[in-house]
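Okay, so here's the structure we're looking at.
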Amino acid sequence: MLTNLNINPQRLWDSLMETAKFGGTAKGGIKRLTLSDEDKKVRDWFKAQCEALGCTVSVDEVGNMFAVRPGRNNDLPPIAMGSHLDTQPTGGKFDGVLGVLGALEAMRTLHEQGYETNAPVEIINWTNEEGSRFAPAMLASGVFAGVFTPDYAYERLDRDGISFKDELERIGYRGTEKAGAHKFQAMFELHIEQGPILEDEKTMIGVVTGVQGMRWYEVTVTGQDAHTGATPMYLRKNALLGAARIIEAIDAIGQKHQPGVATVGLIENKPNSRNVVPGEVFFTVDLRHPDEEVLEVMEREFRAALEAALPPMKLAYEEKRIWISPAVKFAPELIECVEHGADKAGFAMRRMVSGAGHDAAYIARVAPTTMIFVPCEGGLSHNEAESTSFDECAAGAQVLLNAVIEHDRRLAG
Ligand SMILES: [Zn+2]
């Protein structure tokens, strides 16, 4: 059995450049908002390319597209490769798109070589990963995974008050299949890293073991507005100074629990006047870590820091956790297949955790899932200047194909 299947890097690159015209911007990026005319064009193109390979393309009730190539045993659920074709308003050419077109290149290679897999293999295009036109992000993979209801998705409105449902129907991608009804046994998502680690370490492949957990908080510190000239230092209740001490403490928590990260990114100082001791400060806290238990510790340390710093300064405070996204651990057997695939292709690799959310994070709740990262220049993404090289795109698609074949090979026992 032939197992050394080589993808065609030029064909992959040409497809990336060809589809970049659907919503192409003057600065070399893509503006392809979910369910826009450009989204319809790229979907139609994708469907036609898959059908030309003998795939059957189906669409579910929230517009997720599934292109299935039969295998030897079609009673087995397909092995999926999926990502997204929508972009940010000033998006790049690779975020999401590489995952779908890399999968298409893998599929074209199987087809061209006449390689018969044990299980069917499929490509998935998840609707509205970006969430920039219809918030929240990862909407349709979330519906697929049971995180949101289809009606919740349908009711999302863009800034012009147009609904997700109306746009889905308008472009002809409201399918009949129930979201989540379509079964697959594994999903591999190829994606650009959107961070600086792979480039910094000159490593081609990121073997993604999970997505870090995330917790958001809001804090209001209350002291007393007072005259900066007439109020002696020892009688002040300076809320901004209290907040400053907490900002230092938050940074220290991040430093201590690396690869965890801890950030205060938004602050409002009141009354924000040069000759008033600040009486009230509002700020946000963002804590992230791959391990829920460590995240728990970070949260405790943050709360302890509030208690230790503020009351002795005669400051009151209110703290509220407003959002939580649990850490995701990807499937060990799929991670092994990716490592096998990268090794076979001869690429340097490292294990890593995704700092950003992806469709794979929701899909991991309902099926074994993992991700493959390739570098992007300067770690830059959600930007028209986003850049992943010809060789990096090719490497990602090759490892994706190798991982799928390895997973399929293991099915045969
Ligand atoms: Zn993406």
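The values are calculated or read from the model by the stated rules, or taken from the named source; none is laboratory data. Note that this is a predicted model, so its numbers are computed, not measured. FYI the Cβ positions are ideal-geometry reconstructions off the backbone, even for glycines, and counts take in every protein chain you see. Heavy atoms of the whole protein, side chains included, go into the accessibility calculation; ligands, DNA and RNA do not. Shrake-Rupley method; radii C 1.70, N 1.55, O 1.52, S 1.80 Å.
Legend: residues Glu218, Glu189, Glu268, sorted from most to least accessible area (1.4 Å probe; ligands, DNA and RNA excluded), read Glu268, Glu218, Glu189.
Considering only C-alpha atoms, what is the centroid distance from the range 191-254 to the range 295-330, in Å? What the calculation gives is 11 Å, centre to centre.
Can you compute the modelled spin-label distance between Ala181 and Gln258, with each label point 7 Å from Cα toward Cβ, in nm? Distance between label points: 5.1 nm. Computed from the Cβ-Cβ distance with R0 of 41 Å, the FRET efficiency linking Lys202 to Asp75 stands at 0.40.
Show Arg303, Arg236, Arg365 ordered by accessible area, largest first, where the area counts protein heavy atoms only and the probe is 1.4 Å. Before the final figure, lay out the partial values.
Working: Arg303 90, Arg236 55, Arg365 140 Å².
Descending order: Arg365, Arg303, Arg236.
Considering only protein heavy atoms, what per residue accessible area in square angstrom results for the chain with a 1.4 angstrom probe? Each step should come with its number before you reach the end.
Details: 17520 Å² over 413 residues.
With all protein chains present, the chain gives 42 Å² per residue.
Quick check on the chain: take the gyration tensor over C-alpha atoms, sort the square-rooted eigenvalues as a ≥ b ≥ c, and tell me if it's rounded (a/c under 1.5), prolate or oblate. Prolate, because a/c is 1.5 or more and a/b exceeds b/c. Per-residue ellipticity at 222 nm, computed for the chain from helices alone with -39500 (n - 2.57) per DSSP H run of at least four residues, works out to -11000 deg cm²/dmol. Since only Val207, Ile267, His289 are under comparison, the one whose Cα sits farthest along the positive direction of the charge dipole of the range 144-298, derived from C-beta charges on Lys, Arg, Asp and Glu, is Ile267.
Please report, to one decimal in angstroms, the Kirkwood hydrodynamic radius of the range 289-358 built from all distinct Cα-Cα pairs. If you can, show how the numbers build up before the last one.
Values: mean 1/r = 0.0629 Å⁻¹.
Evaluated over the range 289-358, this radius sits at 15.9 Å.
Across the range 255-266, coupling constants 3J(HN,Hα) worked out from phi with the 6.51/-1.76/1.60 Karplus curve, θ = phi - 60°, read 4, 6, 10, 4, x, x, 9, 9, 9, 9, x, 9 Hz, and Gly and Pro carry x.
Output the pairs from Lys47/Lys178; Lys47/Lys329; Lys47/Lys344; Lys93/Lys329; Lys41/Lys178 with a Cα-Cα distance over 21 Å in this structure; if there are none, say none. Let's see the in-between values first.
Working: Lys47/Lys178 19 Å; Lys47/Lys329 32 Å; Lys47/Lys344 31 Å; Lys93/Lys329 28 Å; Lys41/Lys178 24 Å.
Checking Cα-Cα distances, Lys47/Lys329; Lys47/Lys344; Lys93/Lys329; Lys41/Lys178 exceed 21 Å.
With a simple spin-label model that places each label point 7 Å from the Cα along the Cα-to-Cβ direction, the separation between Lys41 and Lys344 comes to 3.7 nm.
What full-extension length gain, to one decimal in nm, is calculated for Glu296 and Ser58 as 0.36 nm per residue of separation minus the Cα-Cα distance? Display every interim value, and only then the final one.
Working: separation 238, 0.36 × 238 = 85.68 nm, distance 4.18 nm.
Full extension of this stretch gives 81.5 nm more.
Note the angle between two axes, namely the Cα long axis of helix 9-19 and the longest principal axis of the Cα atoms of the chain, as a number of degrees from 0 to 90, rounded to the nearest 10. Helix 9-19 sits roughly 70 degrees off the main axis of the chain. Would you please classify the overall shape of the range 324-401 from the alpha carbon gyration tensor, given that a ≥ b ≥ c denote the square roots of the eigenvalues, rounded means a/c under 1.5, and beyond that prolate means a/b larger than b/c while oblate covers the rest? It comes out oblate by the Cα gyration axes.
Count the net charge of all other residues whose Cβ sits under 12 Å from the Cβ of Ala361, scoring Lys and Arg as +1 and Asp and Glu as -1.
Numbers: positive: Lys329, Arg365; negative: Glu129, Glu189, Asp359.
Spelling it out: positives minus negatives among the neighbours equals -1.
Averaging Cα coordinates gives a centre for the range 1-59 and one for the range 383-399; these two points are 14 Å apart.
Using a 4.7 Å Cβ-Cβ cutoff, the cysteines of the chain lacking any partner cysteine are Cys337, Cys376, Cys393. These residues, Phe148, Phe390, go from largest to smallest accessible area, 1.4 Å probe, as Phe390, Phe148. About its Cα centre, the chain has a charge dipole of approximately 560 debye under the convention of +1 per Lys or Arg Cβ and -1 per Asp or Glu Cβ, with nothing else charged.
Near Lys344, within a Cβ-to-Cβ distance under 13 Å, what is the net charge of the other residues, with Lys and Arg +1 and Asp and Glu -1? Spelling it out: positives minus negatives among the neighbours equals -3.
Rounded, prolate or oblate: which fits the range 158-244, taking a ≥ b ≥ c as square roots of the Cα gyration tensor eigenvalues, rounded meaning a/c under 1.5, else prolate when a/b beats b/c? Here the range 158-244 falls in the oblate category. Annotation: amide H of Met204 within the under-5 Å range of Ala348, sequence separation 5 or more or interchain, hydrogens built in the peptide plane. Taking Leu240, Leu139, Leu16 as the candidate residues, the one with maximal mean-square fluctuation in a Gaussian network model of the chain, Cα springs under 10 Å, is Leu240. Ignoring ligands, DNA and RNA, what percent of the 1.4 Å accessible area of the chain is carbon and sulfur? Of the solvent-accessible surface of the chain, carbon and sulfur hold 50 percent. Please give the helix 292-309 orientation as an angle from the longest Cα principal axis of the chain, in degrees from 0 to 90, rounded to the nearest 10. The angle comes out at about 10 degrees. Computed from backbone phi with θ = phi - 60° and the Karplus coefficients 6.51, -1.76 and 1.60, the 3J(HN,Hα) list for the range 67-79 is 10, 9, 9, x, x, 6, 10, 7, 7, 6, x, x, 9 Hz; x is used for glycine and proline. Please check: in the Gaussian network model of the chain (C-alpha springs, under 10 Å), which one of Glu38, Glu201, Glu377 has the largest mean-square fluctuation. Greatest mean-square fluctuation among the candidates belongs to Glu201. Among Arg351, Arg133, Arg274, the residue with the largest mean-square fluctuation in a Gaussian network model of the chain, with springs joining Cα atoms closer than 10 Å, is Arg274.
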